[in-house]
Amino acid sequence: MNRIKEVLEEKGIKQKWLAEKLGKSYNMVNSYTQNRQQPRVEILFEIARILDVEAKELLTEIKKIKTPAKLS
């Protein structure tokens, strides 16, 4: 699973724009964002470079850290 769609939405970037920057078809980028197909590692790093994020940010869910309640 990847977070490409989420990162695009966070940055306000359209899939069509990313497809043009990658030199890929809209359908290919859409298959990445819908997790129907995973990009090769080289493409993943290129997407990360274009989106100005670390590649690992495209692969992992961002988990919110809950602070434990103070014990009395």
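For the pair residue 50 and residue 25, label points projected 7 Å from Cα toward Cβ lie 1.6 nm apart.
When only the Cβ of Lys, Arg, Asp and Glu is charged (+1, +1, -1, -1), the dipole of the stretch 18-60 relative to its Cα centre reaches about 180 debye.
None of the figures in this text is laboratory data; all of them are computed from the coordinates on show. From a predicted model like this one, the values you see are computed outputs, not experimental measurements. No Cβ is skipped: glycine too gets one built from the backbone with ideal geometry, and neighbour counts run over all protein chains shown.
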